[in-house]
Protein chains: 2
Amino acid sequence: MSDDTGEGEATGTVHLVGSGPGDPELLTVKAKRLLETADVVLHDKLPGPEIIGMIPEAKREDVGKRAGGEWTPQEYTNRRLVELAREGKDVVRLKGGDPTVFGRGGEELVHLARHGVPVEIVPGITSAVAGPAAAGIPVTHRDHASSVSFVTGHEDPTKAESAVDWAALAATGGTIVVLMGVGKLPDYTAALREAGMDPETPVALIERATWPGQQVATGTLDSIVSARDAAGIEPPAITVIGDVAATRADVLEFLVGA
Amino acid sequence: MSDDTGEGEATGTVHLVGSGPGDPELLTVKAKRLLETADVVLHDKLPGPEIIGMIPEAKREDVGKRAGGEWTPQEYTNRRLVELAREGKDVVRLKGGDPTVFGRGGEELVHLARHGVPVEIVPGITSAVAGPAAAGIPVTHRDHASSVSFVTGHEDPTKAESAVDWAALAATGGTIVVLMGVGKLPDYTAALREAGMDPETPVALIERATWPGQQVATGTLDSIVSARDAAGIEPPAITVIGDVAATRADVLEFLVGA
């Protein structure tokens with residue numbers, strides 16, 4: 001299945017690997033092994049400084065922000081992954097959190113399979129779960145959250161209008177977790193209030209969850225924008241909206257590592 | 001913070017640890033370390049046979065199904081965790097997937113903090129993400145899933161009526177992942193069709209994701225019940241509903257480990 005897609009030598013495998021939220025101990029055993037054995041690791045900044053620092057410089061390729069503040073186009077990353085695999089390399093594409101949760105891992109997966117490159121998904125702990133947990137917040141609770149929804153606050157800018165139906169999310173009655181939602185916090189908290197969500201609904205913002213310098217701000221749907229500004233919360237951060245966000249206050253005194 | 005809550009000796013810590021979906025290599029580095037160093041590990045059956053088999057028998061306590069088919073009451077588990085911590089033990093409460101995603105970990109967290117027991121959450125990879133990934137399905141996609149919602153098909157039986165608003169979930173337009181939803185598959189697929197979801201929406205069922213004997217069935221909102229029966233899918237399984245479920249067919253030929 002490989003010789004006819006490459007240059008005569010066996011095609012290498014691309015492992016789409018999730019790094020988890022940033023704490024190196026929250027890497028999976030498999031991710032750690034693959035980082036050690038891979039020939040090359042393509043990464044951006046989201047895995048965080050500690051995990052990126054574990055990868056020998058000689059095998060790192062940064063496909064994140066480039067000099068001048070521009071992003072490497074997804075097309076370049078897709079092409080580079082195929083090229084390296086066709087050279088017979090064992091390639092890790094390392095992504096923050098989980099590769100299939102808002103990571104464009106799905107696009108890379110389909111691109112690689114279409115080009116005949118063997119591809120493996122190695123899931124990681126999504127920050128959408130680990131961020132709240134690091135702040136003492138379970139995303140579901142038997143009594144007051146029968147569902148949890150993840151959305152991104154940072155939508156594809158080429159889309160004409162918001163693809164996220166905030167009113168439908170509010171109507172689920174479950175917890176809402178927003179990834180990359182610091183900048184647009186005023187917009188979607190307003191949308192949720194307009195959809196009829198109680199303005200006293202608890203909200204928490206967790207910046208750099210599990211990284212050195214983790215910071216948490218709490219408030220309500222009404223007050224969280226002020227709380228964000230007072231605490232100086234900056235990206236990357238996770239927003240948790242729902243009754244479960246109030247759990248933090250109940251457990252903080254005895255929470256280890258928070 | 002400990003002497004006044006116990007019997008004069010230092011209170012031990014309880015680590016609420018997620019085991020991930022079942023593959024021992026998808027344990028986090030931290031979970032593996034804690035399983036090795038803990039004095040005692042309370043677990044049920046959900047972490048799966050391979051991971052439970054890694055724990056020395058002398059330190060295992062099974063708080064899952066008991067002889068006769070009854071479940072250990074949650075109150076017993078809560079009480080036992082406090083008791084062991086007050087004996088000064090370093091305790092792991094091992095849960096399948098992530099401890100805060102439908103695992104009742106939130107309840108244990110609050111119970112422990114209320115009783116003055118130091119408690120740490122160690123996130124694991126939720127099967128809601130890893131199950132679909134193991135079948136070649138990313139739960140989000142930039143072009144056709146701007147959100148993903150997790151619900152349980154196995155609701156608290158003491159609730160008078162379904163707390164899950166299937167119509168609202170359908171209205172989000174995002175991927176829906178149902179945990180423990182084999183038995184009630186006919187009910188909620190019907191509810192989603194009644195809510196106006198396209199009967200041709202792709203659906204996949206993944207049984208024992210990442211365990212030996214993983215099995216996948218695919219179909220549509222209309223056909224998945226027959227597909228479940230034809231394949232003989234049994235619990236535990238994950239249901240993925242949404243356009244992303246069709247990705248499996250596109251990538252299966254080159255998917256490693258599926």
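At-a-glance table
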item: Test result for B:E87, at pLDDT below 95 and charged (D, E, K, R); result: no
item: Test: residue in the range A:75-86 that is more than 12 Å from chain B (Cβ to nearest Cβ) and aromatic (F, W, Y); result: yes
item: Subset of the range B:99-143 (residues that are more than 7 Å from every other protein chain (Cβ to nearest Cβ), closer than 16 Å to B:M180 by Cα and part of a loop (DSSP other than H, G, I, E, B)); result: B:P99, B:G103
item: Pairs, first more than 8 Å from chain B (Cβ to nearest Cβ) in the range A:244-258, second in a helix (DSSP H, G or I) and not aromatic (F, W, Y), C-beta under 6 Å, six or more apart; result: none
item: Hey, A:P186 over 16 Å from the mean Cα position of the chain (by Cα), farther than 26 Å from B:G153 by Cβ and more than 10 Å from chain B (Cβ to nearest Cβ) or not; result: yes
item: Search result, residues across the range A:97-127 that are under 9 Å from the mean Cα position of the chain (by Cα) and modelled with pLDDT under 95; result: A:F102, A:G103
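The values are calculated or read from the model by the stated rules, or taken from the named source; none is laboratory data. Because the structure is a prediction, the values reported are computed rather than measured. Note that we place each Cβ from the backbone using ideal geometry, even for glycine, and neighbour counts take in every protein chain shown.
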